[in-house]
Structure formats: C-alpha cells, structure tokens
Amino acid sequence: MRAAKWLRYQGVKVRPVMTDNGGCYVLHLFQAAVQSLGARHVRTRPYTPRTNGKAERFIQTSLKKWGYSQAYESSKERQEHLIPWLRFYNHQRPHFALKAKPPITRLKNCEQRP
C-alpha cells in the first residue's frame, strides 16, 4: 500500500498488479489490498520468466553492474553499495527504451538527480 500511495503521488494509477504464483499472493490480505486500489491481480504463467521481462532485465542488470561488478569484502559492503547504485540506475543511467533518458523522467513529481 505504501508503494501504491507513492506511485499515486507521482501521477501513476495502479491498474493491474502482476505477481508470480507465490503463496503470499493468494492471501486474503493481499487480495483485499489489490481490490482497495481498484486494481486487478494478474499472475505470471508458471515457469515463464519472459512474462515479467522488465523485472527480469532489471535483475540481470543489477547483478552484472552492482552485485558482481567488483569483489566486495563482505555482504555488508555489497549492501552499502546498493542504494547509490539504485540512485544511479533510476536518476542517471540512460535507458534505451526511454530514448536514452533515465526512468525517473517518467514520473511527474520526481526530480532527476545529477
């Protein structure tokens, strides 16, 4: 619900909510949250990662460019590099699908950080 509130502030209406087929997504609490948004729940086809291509691509990119881009001394050190990398990814990194603009440019109430 917190994410939906943030997205609403950005001018994004949550219509479908796509999830995999995990057990947590069949819980009445989750279903009630989706319904309270006026959205519908869409499930991915089992064993079909291409259904959720954007998320899969993000995971591949984050592993390559952040998670395994260098040798970290510990998991804690890797974790400390996550937030700065996510800021770079969302605010600076050009994305081909967005005509070389970063994702943050798609939202109306967010500023693009240098």
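The numbers here are math on the coordinates, done by the rules we state, and not lab data. Treat the numbers as computed from the prediction; the structure is a model and nothing was measured. Neighbour counts are summed over all protein chains in view; Cβ atoms, including those assigned to glycine, are modelled from backbone coordinates with ideal geometry.
Computed values, structure above
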read-out: Neighbour-limited loop hits for GluC sites (Glu not before Pro), the stretch 50-114 (at most 15 other Cβ within 10 Å; DSSP other than H, G, I, E, B); value: Glu73, Glu111
read-out: P(r) histogram, all alpha-carbon pairs of the stretch 2-43 included - 10 Å bins from 0, percent; value: 29, 55, 16, 0
read-out: Cross-link table Lys13/Lys65; Lys13/Lys76; Lys13/Lys101; Lys76/Lys99, entries beyond 27 Å C-alpha to C-alpha; value: Lys13/Lys65; Lys13/Lys76; Lys76/Lys99
read-out: Added length on full extension, which subtracts the Cα-Cα distance from 0.36 nm per residue, Ala39 to Arg15; value: 8.2 nm
read-out: Amide H partners (placed H, <5 Å) of Lys101, local residues excluded; value: His95
read-out: Expected 222 nm ellipticity per residue - DSSP helices of 4 or more, -39500 (n - 2.57), all of the chain, to 500; value: -10500 deg cm²/dmol
read-out: Computed over the stretch 19-114: relative contact order in percent, which uses C-alpha pairs under 8 Å that are six or more apart; value: 14 percent
read-out: Least to most buried among Tyr47, Tyr25, Tyr68 (fewest other Cβ within 10 Å first); value: Tyr47, Tyr68, Tyr25
read-out: Cα extents of the stretch 50-106 along the three principal axes, largest first (Å); value: 36, 26, 13
read-out: In Hz, Karplus ³J(HN,Hα) per residue of the stretch 62-69 (6.51, -1.76, 1.60; θ = phi - 60°; x = Gly, Pro); value: 5, 5, 6, 8, 10, x, 10, 6
read-out: Residues with amide H under 5 Å from that of Met18, placed H, sequence gap 5 or more; value: Val42
read-out: Of (i) 16.6, 46; (ii) 14.3, 42; (iii) 21.2, 69, the label for Rg and Dmax of the Cα atoms in Å derived from the coordinates; value: (i)
read-out: Between helix 82-91 and the chain: long-axis angle, C-alpha atoms, 0 to 90°, nearest 10; value: 80 degrees
read-out: Distance (nanometres) between label positions extended 7 Å along Cα→Cβ at Leu63 and Gln31; value: 3.3 nm
read-out: In Hz, Karplus ³J(HN,Hα) per residue of the stretch 2-10 (6.51, -1.76, 1.60; θ = phi - 60°; x = Gly, Pro); value: 4, 5, 5, 5, 4, 4, 4, 4, 7
